[in-house]
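Novice: Handing you this structure, nothing more for now.
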Amino acid sequence: MSEFSSRQQQLEAFDRLLTIMDELREQCPWDRKQTIESLRHLTIEETFELSDAILDNDLEEVKKELGDILLHIVFYAKIGSEKKSFDISTVIHGLCEKLIRRHPHIYGDTEAQDEEAVKQNWEKIKLKEKGNKSVLGGVPRSLPALIKAMRIQEKARGVGFDWEEKDQVWEKVEEEMQEFKSEFDATENKAIDKEKATGEFGDLLFSLINYARFIDINPEEALEKTNKKFIHRFQYLERSARDAGKKLEDMSLSEMDKFWNEAKNQ
């Protein structure tokens, strides 16, 4: 079948998936045993695998991981229908209605001339729909801290609470750096107040995430790319040491630096 199928072919493919899901739920011992709770950690894992594929710019792998996530969505809906709570139809219609409500500049008479206006409208409508007392009430508690910081800042910006210029944000970064340095001066050997230094370091990270947002850098993506770069270089160091008949623990730092710099130059 062509990758670029017609709408009818797409609907037929989705119907085929729903049929297979019904069959698996009835006939497969593993699929019959699953619950919403048991699928949760698997869904999280699949989401991270999709994230890896996106960072690698591996579109073939992205396609596969999207299929795995789609399976989970259909699986949850199947369980929901068994509990007479919801099915895939109500999930999709609920999503469609939400998209229509949150795009009044398309489906209503609201004007939005740019992306920022769209985001602000979205956050205001979302706040009204959920009935949250706080703008930040919609930020999931279990988000990783770095992503949570970014979402908190985005939500605050959605109601106009934000810096006006990026140079103001950078001044804040420098201010937080100085405050952290005052709590932990690497040139001195005196004991530090770890709790206070931890707080200042958190403030510094928060301000750096804020600046990244202002210059349109996703800090989570940036850090993950650096992680992958470090892993690549360190594994080159390990391979080079083995090829030279050496163990890392027996090498000096200068010897390891030689291989590290080779990795950087590749």
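The values are calculated or read from the model by the stated rules, or taken from the named source; none is laboratory data. This one's a predicted model, so the numbers in the text were calculated from it and none came from an experiment. Glycine also receives a Cβ, built like all others from the backbone with ideal geometry; neighbour counts cover every protein chain displayed. With ligands, DNA and RNA removed, areas are computed over all heavy atoms of the protein, side chains included. Shrake-Rupley method; radii C 1.70, N 1.55, O 1.52, S 1.80 Å.
Novice: Averaged across orientations, what area in nm² does the convex hull of the alpha carbons in the chain project?
Specialist: Average projection, Cα convex hull of the chain: 23.4 nm².
Novice: So if we plug the beta-carbon distance of residue 243 and residue 69 into 1/(1 + (r/R0)^6) with R0 = 35 Å, what FRET efficiency do we get, rounded to 0.05?
Specialist: After rounding to 0.05, the efficiency reads 0.30.
Novice: Further question on the same structure: Can you work out the Karplus-derived ³J(HN,Hα) for every residue in segment 210-225? Use 6.51 cos²θ - 1.76 cosθ + 1.60 with θ = phi - 60°, whole Hz, and x for glycine or proline.
Specialist: Each residue of segment 210-225 in turn: 4, 5, 4, 4, 5, 9, 6, 10, 7, x, 5, 5, 4, 5, 5, 5 Hz.
Novice: Take the residue pairs 148/172; 133/155; 33/84; 225/246 and return only those whose Cα atoms are more than 23 Å apart.
Specialist: Over 23 Å Cα-Cα: 225/246.
Novice: Find the relative contact order for the chain and round it to a whole percent, using C-alpha pairs within less than 8 Å whose residues are 6+ positions apart.
Specialist: 10 percent
Novice: Full extension from residue 193 to residue 260: what is 0.36 nm times the residue separation minus their Cα-Cα distance, to one decimal in nm?
Specialist: Full extension of this stretch gives 20.7 nm more.
Novice: Any idea how far apart residue 229 and residue 83 come out in nm if each label point goes 7 Å out from Cα toward Cβ?
Specialist: Taking the two extended label points, one gets 4.4 nm.
Novice: Place a label point 7 angstrom from the Cα of residue 217 along the Cα-to-Cβ direction, then list the residues of segment 171-204 whose backbone nitrogen is under 18 Å away.
Specialist: What the label zone holds, given the 18 Å backbone N cut-off, is 171-178, 202-204.
Novice: Comparing 221, 238, 61, which has the greatest mean-square fluctuation in the GNM of the chain with Cα pairs linked when under 10 Å apart?
Specialist: Its mean-square fluctuation being the largest, the pick is 238.
Novice: If you don't mind, another one. What value, in deg cm²/dmol to 500, does the helix sum -39500 (n - 2.57) over DSSP H runs of n ≥ 4 give at 222 nm once divided by the residues of the chain?
Specialist: -24500 deg cm²/dmol
Novice: I'd like to check one number: the per residue accessible area of the chain, probe 1.4 Å, reported in Å² as a whole number.
Specialist: 72 Å²
Novice: Further question: Output the peptides 192-202, 170-180 sorted from most to least packed, where packing is the average of other Cβ atoms within 10 Å over each peptide's residues.
Specialist: Packing proxy ranking, top to bottom: 170-180, 192-202.
Novice: I've got another one for you. Rounded to the nearest 20 debye, what is the charge dipole size of segment 94-237 about its Cα centre when +1 sits on each Lys and Arg Cβ and -1 on each Asp and Glu Cβ?
Specialist: 980 debye
Novice: Got a number for carbon plus sulfur as a percent of segment 158-266's accessible area, 1.4 Å probe?
Specialist: That fraction is 52 percent.
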